[in-house]
1. Is it the case that some residue within the range 200-215 is among the aliphatic types (A, V, I, L, M) and assigned to a helix (DSSP H, G or I)?
2. If we keep just the residues of the range 171-207 that are in contact with a Pro (Cβ under 8 Å, 6 or more places away or on another chain) and small (G, A, S), which is surrounded by the most Cβ atoms within 10 Å (Cβ to Cβ)?
3. Sort through N102, N47, N98 and tell me the only one that's within 15 Å of the ligand (Cβ to nearest atom), at pLDDT below 95 and either closer than 30 Å to I252 by Cβ or in contact with a strand residue (DSSP E or B) (Cβ under 8 Å, 6 or more places away or on another chain) (or both).
4. Within the range 12-36, track down each residue that is touching a strand residue (DSSP E or B) at 6+ places or on another chain (Cβ under 8 Å) and away from the ligand (no atom under 13 Å from the Cβ).
5. Hey, can you tell me all the residues within the range 87-100 that are in contact (Cβ under 8 Å) with a residue 60 or more places away in the chain and either more than 21 Å from P236 (Cα to Cα) or surrounded by fewer than 22 Cβ atoms within 10 Å (Cβ to Cβ) (or both)?
6. F161 fails exactly one of the following numbered conditions: (1) among the aromatic types (F, W, Y); (2) out of contact with any helix residue (DSSP H, G or I) (no Cβ under 6 Å at 6 or more places or on another chain); (3) away from the ligand (no atom under 16 Å from the Cβ). What is the number of that condition?
7. Could you check the range 4-50 and list, in sequence order, the residues that are under 19 Å from R83 (Cα atoms) and of a type in the set (F, W, Y)?
8. Examine the range 83-93 for a residue that is of a type outside the set (A, V, I, L, M, F, W, C) and under 15 Å from V243 (Cβ atoms), and state whether such a residue exists.
Amino acid sequence: MSPNIAKKQRFIGKTAIITGAGSGIGRATAIQLAREGANVALFDLVNERNFELEQKLNKLRKDCALALDVDTSDAERMEEAVRQTVERFGGLDIVFANAGINGAVGPIEELSLSDWEHTMSVNLTGTFLTLKYSIPHLKKKGKGSIIITSSINGNSRFASFGWSPYSTTKAGQVAFAKMAALELAKFKIRVNVICPGAISTNIDESTEFNEEVGSIVIPIEFPQGAQPLADGPGKPDNVAELVSFLASDESIHITGAQIVIDGAESLLS
Ligand code: NAD
């Protein structure tokens, strides 16, 4: 999606944090929310594409974007990045906890403790820290919307052989989102979790295959075309539209929901 003319302006005066904003689903969502009037804080580890996005969005609307070099699994950097966001934009309304990696893929006995911990720290601890440091600012506003990116893996799909660390984090994110939804409902802060199927992004760059993974694969025969609705993977923009809806007041009575966005992929799994 090119960052040009806005189609709706439902987020004027609102500020969103987007983690993993430099690529894929996070990038598409940052563009979508900015087009709809939001100020966007772009959190990412990979700076070149994140700062390039900041420039693009600031051309779209002056000073609407702030790119920050932050590892979501690092508590100090996260706390500081949230502080800088609020200082720059004057508050916080929307949080998209989206940064994630595929991480190590292999038979459990072949995975090292550091393989396991790395995936846990980015996908699960990163989500925890994103919420931990954002919640006080949402409470100050008296309402807010948090969206967490999980996956069909670990929730409705279990036949991704070797993906046990990734799938465990994605299942954990769903439990965490539902716990948070209940805890935060009385503060009018909504928390929803989305479960994409295959989406065309750069996520494969973060995969570390163990050479033994082939030894645990059970062959599964799919019908032709694994995602029947789109006849292939979804687009980041498809997910961005859903996040935008969940961020907006149009979903005001939706919290604790787990929404699958996979073009029917998991119904085949
Ligand atoms: P992507 O690789 O295109 O984008 C992810 C971004 O997160 C990258 O810019 C990366 O630099 C950033 N990131 C990674 N670790 C980080 C960290 N510790 N701190 C800050 N930023 C970090 O991938 P994507 O597909 O857009 O992934 C976004 C989310 O969607 C992930 O949580 C992923 O698990 C989930 N997801 C993706 C798919 C898919 O098929 N693409 C399917 C289901 C779920």
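The values are calculated or read from the model by the stated rules, or taken from the named source; none is laboratory data. All values reported here derive from a predicted model rather than from experimental measurement. Please note: Cβ atoms are built from the backbone with ideal geometry, for glycine as well, and neighbour counts cover all protein chains shown.
1. Pass one, the range 200-215, residues among the aliphatic types (A, V, I, L, M): 203, 213.
Narrowing further to those that are assigned to a helix (DSSP H, G or I): 203, 213.
Yes, the conditions are met somewhere in the range 200-215.
2. Our first condition is that a residue be in contact with a Pro (Cβ under 8 Å, 6 or more places away or on another chain); within the range 171-207, this holds for 197-201.
Then keep just the ones that are small (G, A, S); that gives 197-198, 200.
Details: G197: 25, A198: 18, S200: 13.
So the residue we want is G197.
3. Details: N102 fails: at pLDDT below 95; N98 fails: at pLDDT below 95.
After applying the criteria, what remains is N47.
4. Step one: list which residues in the range 12-36 are touching a strand residue (DSSP E or B) at 6+ places or on another chain (Cβ under 8 Å), which gives 14-26, 29-30, 33-34.
Selection gives K14, T15, A16, L33, A34.
5. At the first step, the residues of the range 87-100 found to be in contact (Cβ under 8 Å) with a residue 60 or more places away in the chain are 89-100.
Answer for the range 87-100, where residues must be in contact (Cβ under 8 Å) with a residue 60 or more places away in the chain and either more than 21 Å from P236 (Cα to Cα) or surrounded by fewer than 22 Cβ atoms within 10 Å (Cβ to Cβ) (or both): F89, G90, G91, L92, D93.
6. All conditions are met except number (2).
7. Within the range 4-50, F43 is the sole residue that qualifies.
8. Going through the range 83-93, the residues of a type outside the set (A, V, I, L, M, F, W, C) turn out to be 83-85, 87-88, 90-91, 93.
Those left that are additionally under 15 Å from V243 (Cβ atoms): 93.
Scanning the range 83-93 turns up at least one residue that is of a type outside the set (A, V, I, L, M, F, W, C) and under 15 Å from V243 (Cβ atoms).
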